[in-house]
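Heads up, the thing below is written out as structure tokens.
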Amino acid sequence: MSERIDQRRAGVERAPAWLVVASAVALAAVIGAQIFGFRTSPPDMAMGDLQKIMYVHVPAAWNAFLAFFVVFWASVVYLWRRTERADLLAASAAEVGAVFTGLTLLLGSIWGRPTWGVWWTWDARLTSTAVLFIIFVGYLALRSFTDDPDRRGRWSAAVGIFGALNVPIVYMSVRWWRTLHQVQSTPETLSPAYRAALRLNGLAFLLLLIVFIAWRYRAARIERRAELVAEEAALQGSGLHV
Amino acid sequence: MSVRSEAGRVAAVAWKDLTAERRSKANFNAVLFLAALMLLMFGFALGPDTATLRTAAAGIVWLTVLFSGTLAFHRSYQVELERGALETLLLYPGGRSSIFLGKLLANLAFVLLVEAVLIPLATVLYDVPVGRVTWMLAVVVFLGTFGFVTLGTFYASMASRSRAREVLLPLLLFPMLVPVLVAAVEATAALLGGDLMAESGRWVRLLVAFDVIFLGAAIVAFGAVIEE
């Protein structure tokens, strides 16, 4: 009995080499892109060095949306095919996406205080990002409150798909409601001095997003395996808790 | 599996839920009194200036509907959890979506009945003149309620069977309802204000789009959510 569990435990191998290397590359890319941003871009006329927050805020926002697209796509695949991997991928992407969305909101708020004079304003992009954040916190809460893995997968897939469907509607409704946010920063609307640095940071954050999801996905697989071992142990009547 | 027999199943589920509700009445009365109490509490929180209350009335009424209506959705599935009623219900032939539509209709009737008492009460308490726009207002109320009940019925089918049902339903449901809340409150407020800018039409279209999209999505996804 314990031998078998030891074997399983031995099966939880060390992190694959590519993941460790990719993580180091992503970290180096973020640091490098930040240094590049600080070196190359002059202080903004109106905002001064506050503008540098853009190099974290905007890439975090872009990649948060990308993460939620992954959630949507993996949820559809799960409901279609019922492969456990799709469910675990959706959950991993939702966690990382929620962290990036939180980061976007927090940094936007820190930037908004000196620039707009307020920590928070009821603007369309701000409020819809906050709503998106809460939708995916709800997604994660539902997962943690549902024990049966099959149920958890089906339910959270539905919540993930509904949440993603709602994003454009929420955005449109609050935009009609009120708007004051400055035109969204894309490389095209920026002066060329900032463009390269923003693109570079966007790419660095994309790498970060991928390795974060990969680590979380790996952890989710291991947790799932631990659940199965515990289940098996319980069925055999041993008091093992994993 | 003709359309007619599906419609019969929908009606049967709705009728079953409403009969259970009519015979006990406990839930309806409790929700209704809670809603009336909330109108009073909002009055104490924002009043006693009549002008302030009148401007806030549309928002207060919709929030009250959302908070009190959420309680109704739990019951819709809780009654099924006793003595394996849900399993029996799922064993009947026919599409799963007819169970969803039946429960949707029953919940819709429930919330509309609460509103039928609540809204006249609010117009009295907050001194809102509605004489000229009653019919348009009824359309807005119906469309807003329909979107609310569609998502409420769908999410309650999960939340009621999870470990943390009381907290989970509003946590999942309310952020999804932001477009409904904004559109319904804005349309109501515009109508009450005389709709000088003809703004309510755009909000009504948004409500219709929301209702159609999520009714379709819920019908498609319900089978996967309810299965055991």
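Pull up segment A:171-184, narrow it to residues that are out of contact with any Lys or Arg (no Cβ under 9 Å at 6 or more places or on another chain) and modelled with pLDDT of 60 or more, then point me to the one that is least open to solvent (accessible area, probe 1.4 Å).
Taking the candidates together, the pick is A:SER173.
Of the residues that make up segment A:96-119, is at least one open to solvent by less than 50 Å² (accessible area, probe 1.4 Å), more than 27 Å from B:VAL182 (Cβ to Cβ), under 21 Å from the mean Cα position of the chain (by Cα) and within 12 Å of chain B (Cβ to nearest Cβ)?
The answer is no; no qualifying residue exists.
Confirm whether B:SER24 is in contact (Cβ under 8 Å) with a residue 24 or more places away in the chain and either in contact with a helix residue (DSSP H, G or I) (Cβ under 8 Å, 6 or more places away or on another chain) or more than 24 Å from B:LEU125 (Cβ to Cβ) (or both).
no
May I ask you to list the residues in segment B:45-59 that are in a helix (DSSP H, G or I) and not small (Gly, Ala, Ser)?
If the condition is that a residue be in a helix (DSSP H, G or I) and not small (Gly, Ala, Ser), then B:LEU46, B:THR50, B:THR52, B:LEU53, B:ARG54, B:THR55 are the ones that fit.
Would you be able to say whether some residue in segment B:63-72 is open to solvent by less than 20 Å² (accessible area, probe 1.4 Å), assigned to a helix (DSSP H, G or I) and aromatic (Phe, Trp, Tyr)?
Among the residues of segment B:63-72, not one is open to solvent by less than 20 Å² (accessible area, probe 1.4 Å), assigned to a helix (DSSP H, G or I) and aromatic (Phe, Trp, Tyr), which makes the answer no.
Which residue is farthest from A:ARG199 (Cα to Cα), if the candidates are limited to segment A:47-92 and must be open to solvent by 40 Å² or more (accessible area, probe 1.4 Å) and acidic (Asp, Glu)?
Per the criteria, the residue is A:GLU84.
What helices (runs of 4 or more DSSP H) completely inside segment B:114-212 contain at least 3 residues that are at pLDDT 95 or above, closer than 30 Å to A:ARG143 by Cα and open to solvent by less than 20 Å² (accessible area, probe 1.4 Å)?
B:134-159
Mind counting the residues in segment B:86-98 that are among the small types (Gly, Ala, Ser) and in a helix (DSSP H, G or I)?
2
Which one of these is surrounded by fewer than 20 Cβ atoms within 10 Å (Cβ to Cβ), part of a helix (DSSP H, G or I) and either within 18 Å of the chain's Cα centre (by Cα) or not polar (S, T, N, Q) (or both): B:LEU40, B:LEU101?
Residue meeting the stated conditions: B:LEU40.
Only one of A:ARG143, A:ARG125 is under 30 Å from A:LEU50 (Cβ atoms) and part of a helix (DSSP H, G or I). Can you tell me which?
After ruling out the rest, the residue left standing is A:ARG125.
Looking at (1) within 12 Å of chain A (Cβ to nearest Cβ); (2) of a type in the set (Ser, Thr, Tyr); (3) over 13 Å from the mean Cα position of the chain (by Cα), which is the one condition that is false for B:THR188?
(1)
The values are calculated or read from the model by the stated rules, or taken from the named source; none is laboratory data. Everything numeric here is computed off the predicted structure, so don't read it as measured data. Counting neighbours? That spans all protein chains shown, and the Cβs are built from the backbone with ideal geometry, glycine included. Ligands, DNA and RNA are excluded from the accessible area calculation, which covers all protein heavy atoms including side chains. Shrake-Rupley method; radii C 1.70, N 1.55, O 1.52, S 1.80 Å.
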